[in-house]
Amino acid sequence: MGGHNPTEVQMSQLVLPCHSNQRGELSAGQLLKWIDTAACLSAERHAGCPCVTASMDDIYFEHTISVGQVVNIKAKVNRAFNSSMEVGIQVSYEDLCSGKHCSICKAYATFVAQGPLGTKVKLKPLTPQTEEEKIEHSIAAERRRMRLVHKDTIKDLLTRSTSNTEMETRDGSVVVPAEKTRVESVELVLPPHANHQGNTFGGQIMAWMENVATIAASRLCHAHPTLRAIEMFHFRGPSQVGDRLVLKAIVNNAFKNSMEVGVCTEAYDQEMSVSRRHINSAFMTFVVLDEEGRPRTLPMVVPQPGDGERRYREASARKKIRLDRKYVVSCKQTEVPLSVPWDQSNKVYLSYNNVSALKTLVAKANWVLAREKEKVQIYTLEEDKFLSFRIEMSVHISASQAFSLLSDLRRRHEWDSHYESAELVQQVDEDDAIYHVLSQTLSCENKPQDFVILASRRKPCSRGDPYVVAFRSVTLPTHPPSTNYTRGETLCSGFCVWPQSEEMSKVAYYNQATPGYLNYVTTNVVGLSSNFCATFEACEKFLLKNKDDLIARLQDL
């Protein structure tokens, strides 16, 4: 057992009537304040100085919490980067009468450490101790990458979406002009709303935003809505004690059982100030539940021409992104189908899932050495439905060179006898590519297998991180299964390359085998060992043979 994480903060709050809404349930705004407070305290434990909320990832609320129940919040720093850090937050409720515990949500927040006069502070690295902490530490780098491209992902999908505003039709639905849901409210930032530096608590701003969003949602449905999700958002700048915050909300679009409310926060420092500072924008998803807890059918929204139509279209696009993201990212690995359809809207999240699955496998603690032959070590890991393999060896090649050579599946057949060929189907971006792979291994149908594989590559985020090349199956409409081949699938496999010196690297290949995968992946570990060793020795020869050619090509660029 590892030691207690020094950044961990636990908070328990009894839900009182003053914390509740008109249904006797904990208001989401109050919960957001508690979440932000616990996360901030965890961040400050690690930083040793004041910290401010920079962003909050998507939050999906699984249940409501009633008056008299206890909210338990656990927050701890997953990873520290230069001046920012990711804090993971777990929220559950406890019923004191029945003893029942239930998960409410899981959230990730980014905090920035601040020195005197708001200067950034360089953070010390965090060393994970337990298997869970090592997994979160490793995947934090991938979540950070996803945050940085989030805005571009939204923009890209909106660019690809139709510019026509197609109104949804629902029989018997009431139609409400979006303008009737508009809300504007002002708040004066007082000392209780701020931290010790005089900056407004991020959680307080989120609570005010949730309040006006709830009012806007209520004006559409004439009922008491329930907040189900908040999309990832960033704080664009601070506000201080004495600022006036103007909060605006409007229903952007109403779908059959849910609605999106857009909220904007601006700040100014005196009543007659002309310019306002944009503090934050967020998109919140609400539902209206009937007496049995099922979502009710909602009225339709008619957007105003111009900006209203733009918001309407963007809300539809964001709904697709939310569904894709929740489907790919939020599901447990065993619940995600082996081959997920790939398209532009989910490319970032499939890439995230691909790399995160491999990093999770790498961080597992119960690997057992099955065989060691000269320089090659073979490890196995047995878990529920999976038998995973790890084959590793040290190679006289730089990590960056090995990374470059191993990340191109078109060259895999040069050292792996199970591969016949690999065609580059689509170069998604600099880090991701999709290949159609033909295998020489015969299936139980006595036909060769083929695969459609997403290859995602990552360079180290910081010192100590490996180079990563992750593989997983996807489906593409341009490459349906063929009668000439048996379509194979891989859930999680790939390479990690750690630099040992400037000219030496540890190369490790991981494969999480599932029933129906390549025939040579079975529980017969002893019989497989020679095959694996021979393949990996061929891989070493391939790397050594081609590293000089690679250096020459790079020098010619």
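The values are calculated or read from the model by the stated rules, or taken from the named source; none is laboratory data. Note that the structure is a prediction, hence the values are computed from the model and not measured. Backbone-built Cβ (ideal geometry, glycine too); neighbour counts: all protein chains shown. Protein only, heavy atoms only, side chains kept; ligands, DNA and RNA dropped before computing areas. Shrake-Rupley method; radii C 1.70, N 1.55, O 1.52, S 1.80 Å.
Out of SER473, MET284, PHE536, whose Cα points farthest toward the positive end of the dipole of the chain (charges: +1 Lys, Arg; -1 Asp, Glu; placed on Cβ)?
Of the options given, the answer is MET284.
Can you give the net charge of the other residues whose Cβ lies under 12 Å from the Cβ of GLY262, counting K and R as +1 and D and E as -1?
Numbers: positive: ARG182, LYS248, ARG310, ARG311, ARG318; negative: GLU231, GLU260, ASP307, GLU314.
Local charge sum for GLY262: +1.
Relative contact order for the chain using alpha-carbon pairs under 8 Å, separation at least 6, rounded to a whole percent? Display every interim value, and only then the final one.
Numbers: 1156 pairs, mean separation 57.9, N = 557.
Computed over the chain, the figure is 10 percent.
Which shape class, rounded, prolate or oblate, goes with region 418-521 when its Cα gyration tensor gives a ≥ b ≥ c as root eigenvalues, a/c under 1.5 marks rounded, and past that a/b bigger than b/c marks prolate?
Details: a/c = 2.70, a/b = 1.74, b/c = 1.55.
It comes out prolate by the Cα gyration axes.
For CYS496, what accessible area in Å² do you get when you roll a 1.4 Å probe over the heavy atoms of the protein chains, rounding to the nearest 10?
Rounded to the nearest 10, the figure is 0 Å².
Taking all protein chains in place and a 1.4 Å probe, what share, in percent, of the accessible surface of the chain do carbon and sulfur account for? Don't skip to the answer; put the middle values down first.
Values: 13150 of 25800 Å².
With neighbouring chains kept in place, the figure for the chain is 51 percent.
Report P(r) for region 211-321: all Cα-Cα distances, bin width 5 Å, range 0 to the bin holding the largest distance, values in whole percent.
Going from the shortest bin to the longest, the percentages are 2, 12, 20, 20, 18, 12, 9, 5, 2, 0.
Using a simple spin-label model with points 7 Å from Cα along the Cα→Cβ vector, what separation in nm is obtained for HIS396 and GLU8?
Between HIS396 and GLU8, the simple spin-label model gives 4.7 nm.
For the chain, what does the accessible surface come to per residue with a 1.4 Å probe? Please give it in Å².
On the way: 25800 Å² over 557 residues.
The answer is 46 Å² per residue.
Please compare each pair in LYS151/LYS320; LYS134/LYS375; LYS100/LYS359; LYS33/LYS76; LYS134/LYS320 to a cut-off of 24 Å on the Cα-Cα distance and tell me which ones are over it.
Pairs exceeding 24 Å: LYS134/LYS375; LYS100/LYS359; LYS134/LYS320.
When the expected Rg is taken as 2.2 N^0.38 Å, what fraction or multiple of it is the alpha-carbon Rg of region 386-428? Walk me through the numbers on the way to the answer.
Details: Rg = 12.9 Å, N = 43, 2.2 N^0.38 = 9.2 Å.
Normalised by 2.2 N^0.38 Å, the Cα Rg of region 386-428 equals 1.41.
Any number yet on Rg/Rh for the chain, C-alpha, Kirkwood?
Details: Rg = 26.1 Å, Rh = 26.0 Å.
We get a ratio of 1.00 for the chain.
Go through LEU406, HIS137, PHE81 and say which Cα lies farthest out towards the positive end of the charge dipole of the chain; charges sit on Cβ, +1 for Lys and Arg, -1 for Asp and Glu.
Of LEU406, HIS137, PHE81, it is PHE81.
As an exercise, identify the trypsin sites (Lys or Arg not before Pro) in region 431-522 lying in DSSP coil whose Cβ has no more than 16 other Cβ atoms within 10 Å.
On the way: sites: ARG457, ARG458, ARG463, ARG472, ARG487, LYS506; in loops: ARG463.
Those satisfying the criteria are ARG463.
If a/c stays under 1.5 just call it rounded; otherwise compare a/b with b/c (prolate if a/b is bigger, oblate if not). Do that for region 337-449, with a ≥ b ≥ c from the square roots of the Cα gyration tensor eigenvalues. Numbers along the way, then the final one.
On the way: a/c = 1.31, a/b = 1.27, b/c = 1.03.
Judged from the Cα gyration tensor, region 337-449 comes out rounded (a/c under 1.5).
Please report, for the Cα atoms of region 411-477, the Rg to one decimal and the Dmax as a whole number; what are they, in angstrom?
14.1, 47
Could you report the accessible area of VAL186 in Å², rounded to 10, computed with a 1.4 Å probe on the protein chains as they sit in the structure?
It works out to around 90 Å².
How big is the dipole moment of region 10-123 about its Cα centre under a simple scheme where the beta carbon of each Lys and Arg is +1, that of each Asp and Glu is -1, and everything else is neutral? Debye, nearest 20, please.
So the dipole magnitude of region 10-123 works out to roughly 340 debye.
Under 16 Å between alpha carbons, and skipping anything fewer than 8 positions from LYS180 in its own chain: which lysines qualify?
The reachable lysines, counting only those whose Cα sits under 16 Å from LYS180, are LYS248.
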